[in-house]
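Values in this text are rule-based calculations from the coordinates and carry no lab data. Only a predicted model underlies this, so the values are computations on that prediction, with no experimental measurement involved. Here the Cβ positions follow ideal geometry from the backbone for every residue, glycine too, while neighbour counts run over all protein chains shown.
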Amino acid sequence: MSLPQPESPAATSSLVPTPAELLPRSVRIRHALNWLNGSTLLGMGVATAGGADVRPGPRKLYVAEHYRWRFPTGGAFTVGDVVITRHDIDELCAKRPDLLEHEEAHSRQWMACLGLPFLPLYVASVGWSWLRTGDRASYSFFERRADLAKGGYRDVPPRPLLPVLASGARRAMAMITGRRSADTGAEVGRGD
């Protein structure tokens, strides 16, 4: 009677490349289009410049771990088909099992935006989220479509827009005129 052999870590990991015969057509199309639109090439460049170790991952994604730069913030971010993180990807996915599903949704968004136009659209979406909630992800179209919870984000309720705009206008006027208003904690005037 032989004892069962323990499986190798690669056999039990969900981070190994998906066999070609198991890949849906939509994944193959996403992968090809992200190479064509240049976003995966950009992702490889960002990962390499940041000192990350890049390897093939599941569903035609690449995983790049041990990224050294501090920007952008977050547990992981995706450029094209490249999922980039400062952490060990196996440990990160053990803590957040749905993370790669969330990041793959961003990969599809890169494809849908035809590559580089994703960047200004994403930044605008983050700005809108911050304006509406004070949180960069909660009202971001892209983060909501990728499932906030799977990305490790919380759903923050919207705040009234008029007070936020009024405060911003007061601060802008103070900068333009060189004066500080009472709500900045400084006296009005220049104090000559």
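Going by a ≥ b ≥ c, the root eigenvalues of the Cα gyration tensor, does region 10-114 fall in the rounded group (a/c under 1.5), the prolate group (a/b larger than b/c) or the oblate group? Oblate, because a/c is 1.5 or more while a/b does not exceed b/c. Of the trypsin sites (Lys or Arg not before Pro) in region 37-81, the ones in a loop by DSSP (not H, G, I, E or B) with at most 14 other beta carbons within 10 Å are 68, 70. Here volume of the Cα convex hull per residue in Å³ was computed from the coordinates, and among (1) 127; (2) 174; (3) 111 the match is (2). From most to least packed by mean Cβ count within 10 Å, the peptides 17-27, 139-149 give 139-149, 17-27.
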